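Below: one structure, written as structure tokens.
The values are calculated or read from the model by the stated rules, or taken from the named source; none is laboratory data. Bear in mind that the values here come from a model prediction, so they are computed numbers and not experimental data. We place every Cβ from the backbone using ideal geometry, glycine too, and count neighbours over all the protein chains shown.
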Amino acid sequence: MVITTEHLTYTYSPGTPFEKVAVRDVSLTIESGEMVGVIGHTGSGKSTLIQHFNGLLKPTSGRILLNGKDIWGEGMNIRDVRFNVGLVFQYPEYQLFEETVYKDIAFGPHNMGLDDKEIDKRVHEAAEFAGLSADLLEKSPFELSGGQKRRAAIAGVIAMEPKILILDEPAAGLDPRGRNKILNQIRDYHTHTGNTVLLVSHSMEDVANFADKILVMNNAEIFAYDTVENVFARSEELKKIRLAVPQITNVFHRLLDDGLPVPENVYTVPYAKKKLLQLLAEKENAHA
């Protein structure tokens, strides 16, 4: 399922002293099956943009197309759009409200009008995708740890089986272990389903490790939308808009400045380790 924006603009409080353009003339296409990292400083427009993708916000001007059809066009049902484009808000655990985790995850599928057998299947599959054991399903969501609550909330969106899954800062506020667990489960979900995933994050390391492409928002506009390698190659430009490349990239740039023959396009620690081991092996062979 392909999502496209055409000259999308959104203005908060138009015609008032508080008028502010949050998204300005954004045109882009996100292809089916992509894992896209969305980054930008606070106020850049990234959260406002993603809320248009499933119809939570309606453009001031421009269009959002889902498989070529305007989601606000005649004959389109915005409720169906939201079932196809699932949005997980930042700190989604605050939206848990049912008596049990099972009922919370089942809430979306129930609203879709599915029968009990299909709902049960989806609840258990979504819980597994999100890393929740079956014994937690009959517990109150308020008995869960912070990380478990987050996974339960994510499972509630996954259970609707959206073709496009959007997660706004899914690891915010979690400790490093919980953060890695959530992000690895999102990657596993993407690998297993082949669905489109948008990961909104402030962390350059997160998008470098998990995304195929990166969308950078700055001052309500697209600054860049390209592969991870091509975006982080613009490190000096990123710094000018108060963003930074991953720390490991800065380390390798320093090594380059010191005259070491290391590659410039290093953005993840595993890749850095591989390249350093190759360099050491080459040196050993040269002295053998």
query: Given the conditions (1) over 30 Å from Leu114 (Cβ atoms); (2) crowded, with 19+ Cβ neighbours inside 10 Å; (3) not assigned by TED's automatic domain parsing to the domain that holds Gln278, which single one is not true for Phe252?
result: (3)
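Can you pull out every residue in segment 44-96 that is small (Gly, Ala, Ser), buried (at least 17 other Cβ atoms within 10 Å of the Cβ), out of contact with any helix residue (DSSP H, G or I) (no Cβ under 6 Å at 6 or more places or on another chain) and in contact (Cβ under 8 Å) with a residue 60 or more places away in the chain?
As a first pass, look at segment 44-96 and keep what is small (Gly, Ala, Ser): 44-45, 47, 55, 61-62, 68, 73, 75, 86.
Now narrow it down to the ones that are buried (at least 17 other Cβ atoms within 10 Å of the Cβ): 44-45, 47, 55, 62, 86.
Next cut, out of contact with any helix residue (DSSP H, G or I) (no Cβ under 6 Å at 6 or more places or on another chain) only: 44-45, 47, 62.
Hits for segment 44-96 are Ser44, Gly45, Ser47.
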message: For segment 157-192, give me the residue count where each residue is of a type in the set (S, T, N, Q) and touching a residue at least 40 places away in the same chain (Cβ under 8 Å).
response: 1
- prompt: Can you pull out the helices (runs of 4 or more DSSP H) entirely within segment 107-207 that have at least 3 residues that are at pLDDT 95 or above and surrounded by fewer than 20 Cβ atoms within 10 Å (Cβ to Cβ)?
  reply: 116-130
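In segment 214-227, which residues are under 20 Å from Gly33 (Cβ atoms) and surrounded by 21 or more Cβ atoms within 10 Å (Cβ to Cβ)? Even if it seems obvious, please write down each step before you answer.
Applying the first criterion (under 20 Å from Gly33 (Cβ atoms)) to segment 214-227 yields 214-215, 225-227.
Within segment 214-227, Ile214, Leu215 meet the criteria.
Consider Lys103 carefully, then state whether it is assigned to a helix (DSSP H, G or I) and over 30 Å from Asn219 (Cβ atoms). Break it down stepwise before answering.
On the way: assigned to a helix (DSSP H, G or I): yes; over 30 Å from Asn219 (Cβ atoms): yes.
In short, yes.
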message: So for segment 227-234 (the condition being assigned by TED's automatic domain parsing to the domain that holds Pro59 and part of a strand (DSSP E or B)), does at least one residue qualify?
response: yes
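Matching residues to (1) assigned by TED's automatic domain parsing to the domain that holds Asn219; (2) not hydrophobic (A, V, I, L, M, F, W, C); (3) not in a strand (DSSP E or B):
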position: Leu8; (1), (2), (3): yes, no, no
position: Thr11; (1), (2), (3): yes, yes, no
position: Pro14; (1), (2), (3): yes, yes, yes
position: Gly37; (1), (2), (3): yes, yes, no
position: Thr42; (1), (2), (3): yes, yes, yes
- prompt: Considering only residues of segment 16-26 that are assigned to a strand (DSSP E or B) and touching a Phe, Trp or Tyr at 6+ places or on another chain (Cβ under 8 Å), which is nearest to Leu215 (Cα to Cα)?
  reply: Val23
